[in-house]
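Student: My questions will all concern the structure given below.
The values are calculated or read from the model by the stated rules, or taken from the named source; none is laboratory data. This one's a predicted model, so the numbers in the text were calculated from it and none came from an experiment. No Cβ is skipped: glycine too gets one built from the backbone with ideal geometry, and neighbour counts run over all protein chains shown.
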Amino acid sequence: MADTTQVSEQQKKNEVALIDFVVKLISERNDPKIKPDELPSVRALLLQEVHEQINRALVHALDDKKQLMLGKFLDSKPDAVALDTFFEQNIEDMDVVIAQTLLQFRNAYLAPAIDLNSFAQNTVEVKKEEKMEDFSMPLPAPVRHN
């Protein structure tokens, strides 16, 4: 079984960069609902989600044949360095895939949250107006009998 604790210097640098990315996101969003004592938990959850998004994007960037190769490779329980090497060798534009994933994650996290109550109320009011318009047809012209 491979040593799963082996970590390269590049992986350490990448992890520091991702932590910095998450810290900046939290700062940019400046969510008043997050209390200072909750920041470590929020950081950890966001970091985990960033990792999951990157992993999904990398797997998705592989063609079907390479995904099968990845499955067999994972069965051998490779260490982190070997796994990174697999992706580097099999995804031509891996840096672009990761950059796009981080940008999408950032945009989604910083997007203004929808106030569902306000959204529902506005939707109901629009539907009421639509219904009123549907029934506010002009009266038919009077029929004259000669």
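Student: Looking for something in contact (Cβ under 8 Å) with a residue 12 or more places away in the chain, closer than 24 Å to Met94 by Cβ, of a type in the set (Asp, Glu) and surrounded by 11 or more Cβ atoms within 10 Å (Cβ to Cβ) - is there at least one such residue anywhere in the range 39-61?
Tutor: yes
Student: Here's something else I'd like to know. Residues in the range 69-85: is at least one at pLDDT 95 or above and β-branched (Val, Ile, Thr)?
Tutor: no
Student: Another question about this same structure. Test Val16 against the criterion of being within 20 Å of Ala111 (Cβ to Cβ) and not in a loop (DSSP other than H, G, I, E, B), and give yes or no.
Tutor: no
Student: When you scan the range 62-108, how many residues do you find that are in contact (Cβ under 8 Å) with a residue 12 or more places away in the chain and over 19 Å from Asn14 (Cβ atoms)?
Tutor: Number of matching residues: 7.
Student: Quick one: in the range 7-61, which of the residues that are among the polar types (S, T, N, Q) and within 19 Å of Ala80 (Cβ to Cβ) is modelled with the lowest pLDDT?
Tutor: Across the range 7-61, the extreme among qualifying residues is Ser8.
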